[in-house]
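Taking it in order: structure first as structure tokens, then the write-up.
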Amino acid sequence: MNSLAAPIFGPGEVLVATVALGSPAFRLTRAVAENLVADVTGCADTISRGLSGTAAPIAPNELVRTSG
């Protein structure tokens with residue numbers, strides 16, 4: 001099982017939730033995960049902006065970690 005997640009921040013840049021995607025490792029390979037980073041982080045940023053008016057204070061390249 002591999003997964004990809006991005007933080008959702010509320011007011012004051014407090015972590016309040018995450019957006020996560022999980023799949024068997026043979027489907028969510030490193031290449032697939034790297035292609036999905038923009039979608040997952042974009043979703044989290046949109047929710048963060050809706051909650052607090054600011055995007056997540058984490059660079060997208062910090063969010064790609066797969067075990068496969």
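The values are calculated or read from the model by the stated rules, or taken from the named source; none is laboratory data. Because the structure is a prediction, the values reported are computed rather than measured. Positions of Cβ are backbone-derived with ideal geometry, glycine not excepted, and every protein chain shown enters the neighbour counts.
Summed over the stretch 2-28, the residues that are in contact with a Gly (Cβ under 6 Å, 6 or more places away or on another chain) and more than 16 Å from S52 (Cα to Cα) give a count of 3. Total residues in the stretch 22-39 satisfying the condition of being in contact with a strand residue (DSSP E or B) (Cβ under 8 Å, 6 or more places away or on another chain) and more than 9 Å from N2 (Cβ to Cβ): the figure is 2.
If the condition is being surrounded by 14 or more Cβ atoms within 10 Å (Cβ to Cβ) and part of a loop (DSSP other than H, G, I, E, B), then the stretch 2-44 contributes G10, L28, T29.
When the stretch 45-54 is filtered for residues that are outside any helix (DSSP H, G or I) and either surrounded by 15 or more Cβ atoms within 10 Å (Cβ to Cβ) or on the phi > 0 side of the Ramachandran plot (or both), only G53 remains.
Can you spot a residue in the stretch 46-56 that is within 10 Å of the chain's Cα centre (by Cα) and modelled with pLDDT under 90? Give the derivation first.
Quick first cut of the stretch 46-56, residues within 10 Å of the chain's Cα centre (by Cα) only: 56.
Still in the list and also modelled with pLDDT under 90: 56.
Checked the stretch 46-56: at least one residue is within 10 Å of the chain's Cα centre (by Cα) and modelled with pLDDT under 90.
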